[in-house]
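Here it is, the structure, as structure tokens.
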Amino acid sequence: MAIIAGARTFHQVRATVRAGFWPVMRVSWITSPICLAFAQQFLPQETWVPFFNLVAFVIGTYINQHTKKKRLAALRRKQYGEGAGRPSSIGRPDDYPQPPRPGY
């Protein structure tokens, strides 16, 4: 998948796997036993598949949103530089001109 996304070198593929694959696997390893125990204890067997599908959808949506935020933040840092001295949520200074000072 990393190659499809544009990774060309071994180091890019390795970085993609470390950044994207391992967090997903950790979340899966933690949530799967918990969801299975919950389903076995409280849900009828006919509802297990929809329950697991719902859990997987929610977790996948969260991970995709989190990964996209991290990727956009990295692109923003790359474009505007890290040492700009302003919070990234404010935007460029050109977008918000300074109000005129009274008395000048």
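Once every Cα of segment 10-79 carries one equal point scatterer and solvent is ignored, give the base-10 log of I(q)/I(0) from the Debye formula at q = 0.17, 0.23 Å⁻¹, two decimals.
After summing over all Cα pairs, the log10 values are -0.73, -1.02.
Figure the gain on full extension for Val58 and Val13 (residue separation times 0.36 nm, minus the Cα-Cα span) and round it to one decimal in nm. Show your work: numbers first, answer last.
Values: separation 45, 0.36 × 45 = 16.20 nm, distance 2.64 nm.
Net length gain for the segment: 13.6 nm.
Still on this structure: So if we plug the beta-carbon distance of Phe21 and Lys70 into 1/(1 + (r/R0)^6) with R0 = 22 Å, what FRET efficiency do we get, rounded to 0.05? Walk me through the numbers on the way to the answer.
Working: r = 14 Å, r/R0 = 0.64.
Using R0 = 22 Å, I get an efficiency of 0.95.
About its Cα centre, what dipole magnitude does segment 10-79 give when the only charges are +1 on Lys and Arg Cβ and -1 on Asp and Glu Cβ, stated in debye to the nearest 20? Kindly include the intermediate steps, with their values, before the conclusion.
Details: 10 positive and 1 negative charges, 174 e Å.
The dipole magnitude comes to about 840 debye.
We did not get these values from a lab; they are worked out from the coordinates using the rules stated. Keep in mind that what you see is a predicted model, and the values were worked out from it rather than measured. All Cβ positions, even for glycine, are placed from backbone atoms using ideal geometry, and neighbour counts span all protein chains on display.
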